[in-house]
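Reviewing the structure listed below.
The values are calculated or read from the model by the stated rules, or taken from the named source; none is laboratory data. Keep in mind the model is a prediction, meaning the values are calculated, not measured. FYI the Cβ positions are ideal-geometry reconstructions off the backbone, even for glycines, and counts take in every protein chain you see. Calculation scope for accessible area: heavy atoms of the full protein, side chains included, ligands and nucleic acids excluded. Shrake-Rupley method; radii C 1.70, N 1.55, O 1.52, S 1.80 Å.
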Amino acid sequence: AKGLGKARYAVFDASMHAQAMALLQMETYLRRAIERQEFRLHYQPIVNLKTRELVGFEALIRLQHPERGFISPVEFIPVAEETGLITQIGAWVLREACRQMHEWQQKFRSAADLKISVNISPKQFRQLDLVMQVKQVLQETGLNGRYLKLEITESTLVENADLVANMLKELQALGIGLSIDDFGTGYSSLSYLHRFAVDTLKIDKSFIKDFHVDWEKSKIVNTVIALAENLGIDVIAEGVETSEQAYLLQELKCQFGQGYLFSRPLDSQATEALIAAKLEC
Ligand code: C2E
Ligand code: CA
Ligand code: CA
Ligand code: CA
């Protein structure tokens, strides 16, 4: 029995070791990517479901690694959060998204009213100078705060609620919009919708997937849309892939959608072409 215990311990140890190595390796990748400026932003259109008109974009980070190829943010953002590198990476995302949006607004009339949404991780709200950083970015890039929306998750609102409430108030005073990302997957306490003056809910794509054939899901989606409407909050459905979904969402009075049906996230060149052509998705 002793021998077995030892062997088990060795296996456990080996897998922990492998995990630690993978983490360390990813951290090294990220540090190098920061140094070499290998991050890019892609932009996914958000559309008015009824008119199919483009209303804005969500900025999504991309990392093309010289050896490993494309690395998904699903893989590296958690590591960036764990190692604290999200501070630097997040600051870059915010600046680049605002700079790019302002450039497009200057260049194209059709971009004048478009909004840019930027994902802000819970860890970024631990930086006490986040509000200062945002103010500085707006000032330096020239973007008016009313064209910027921050996407935060329910967990951000739950951790350090009082501090976050104050920070959000200051940001909202700059005209910045507040979206709750992945709505329905977290704490889903309804009280905060009012407390934090949320202006947009993004229904998580897990609820949209198959919701047109899943009675339970469609009831949930319907309830969220009705609730938001009562509170004067906009709703964006994430992960809209089929025209059936788009049709049903519109029937349920969901105003906005985002997903492969309309467009995949596009690199900056393709995004610019879309704006220039003033295409509807
Ligand atoms: P998210 O914020 O929920 O972003 C939406 C994700 O859904 C994106 O994945 C997008 O490409 C994907 N998506 C869009 N339409 C569809 C669709 O029709 N079907 C399906 N199946 N997926 C769709 P992506 O770009 O891989 O990003 C994954 C996550 O990584 C994001 O989820 C977000 O949590 C995080 N992330 C991405 N960029 C940033 C960033 O700049 N900062 C932070 N903190 N997190 C980021
Ligand atoms: Ca998001
Ligand atoms: Ca989301
Ligand atoms: Ca998500």
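Listed by chain and number, the lysines whose C-alpha is less than 28 Å from the C-alpha of Lys202, apart from same-chain residues fewer than 8 away, are Lys50, Lys115, Lys123, Lys135, Lys149, Lys169, Lys217, Lys219, Lys253, Lys278.
Projected label points at Lys50 and Leu23, each 7 Å from Cα along the beta carbon direction, are separated by 5.0 nanometres.
Note on Glu241 and Ala277: with the Förster distance fixed at 25 Å, the Cβ-Cβ geometry gives a FRET efficiency of about 0.60. Taking the inverse of the mean 1/r over every pair of distinct Cα atoms in the chain gives a Kirkwood hydrodynamic radius of 20.3 Å.
Sorting Lys219, Lys253 on solvent-accessible area from highest to lowest, probe radius 1.4 Å, gives Lys253, Lys219. Here Lys205 is the anchor, and the aspartates and glutamates within straight C-alpha reach of less than 17 Å, apart from those fewer than 8 places off in the same chain, are Glu58, Glu151, Glu154, Asp181, Asp182, Asp214, Glu216, Asp234, Glu238, Glu241, Glu244.
A Cα-only calculation for the range 15-143 places Rg and Dmax at 16.6, 55 Å. Distance distribution P(r), the range 174-281, all Cα-Cα pairs, bin width 10 angstrom from 0: 14, 43, 31, 12, 0 percent. The phi-based Karplus calculation (6.51 cos²θ - 1.76 cosθ + 1.60; θ = phi - 60°) puts the 3J(HN,Hα) values of the range 208-213 at 7, 4, 6, 5, 6, 10 Hz, whole numbers, x for Gly and Pro. A simple spin-label model places pseudo-atoms 7 Å from Cα toward Cβ; at Met16 and Glu103 they are separated by 4.7 nm. Beyond 22 Å, how much of the Cα-Cα pair distribution for the range 132-218 remains, as a whole percent? Looking at the range 132-218, the distances longer than 22 Å represent 36 percent of pairs.
Close amide H pairs (under 5 Å, H built 1.01 Å from N) link Gly56 with Ile46, Lys115, residues at least 5 positions away or on another chain. Proximity of backbone amide H atoms, modeled 1.01 Å from N, is registered between Thr153 and Asp181 at under 5 Å, excluding neighbours fewer than 5 places apart on the same chain. Near Asp267: Cβ cut-off under 15 Å, other residues only, Lys/Arg at +1 and Asp/Glu at -1. The net charge is -2. Hull volume per residue, based on the alpha-carbon atoms of the range 11-74 and their convex hull, is 113 Å³.
Other residues lying with their Cβ under 11 Å from the Cβ of Arg32 contribute a combined charge of -2, Lys and Arg counting +1, Asp and Glu -1.
I want the local charge near Glu154. Using Cβ-Cβ distances under 13 Å, sum +1 for each Lys or Arg and -1 for each Asp or Glu among the other residues. Every neighbour counted, the sum reads -3.
Quick note on the range 129-182: its Rg to Rh ratio, both from C-alpha atoms and Rh being the Kirkwood radius, is 0.97. Phi-derived couplings, Karplus 6.51 cos²θ - 1.76 cosθ + 1.60 at θ = phi - 60°, listed residue by residue for the range 130-135: 4, 5, 4, 4, 5, 4 Hz, with x used for Gly and Pro. With only Cα atoms counted, the range 166-206 has Rg and Dmax values of 10.9, 33 Å. Once phi is turned into θ = phi - 60°, what whole-Hz ³J(HN,Hα) does the Karplus curve with 6.51, -1.76 and 1.60 give for every residue of the range 149-160, x standing for Gly and Pro? Once θ is set to phi - 60°, the couplings for the range 149-160 become 10, 9, 9, 10, 9, 4, 5, 4, 6, 7, 6, 6 Hz.
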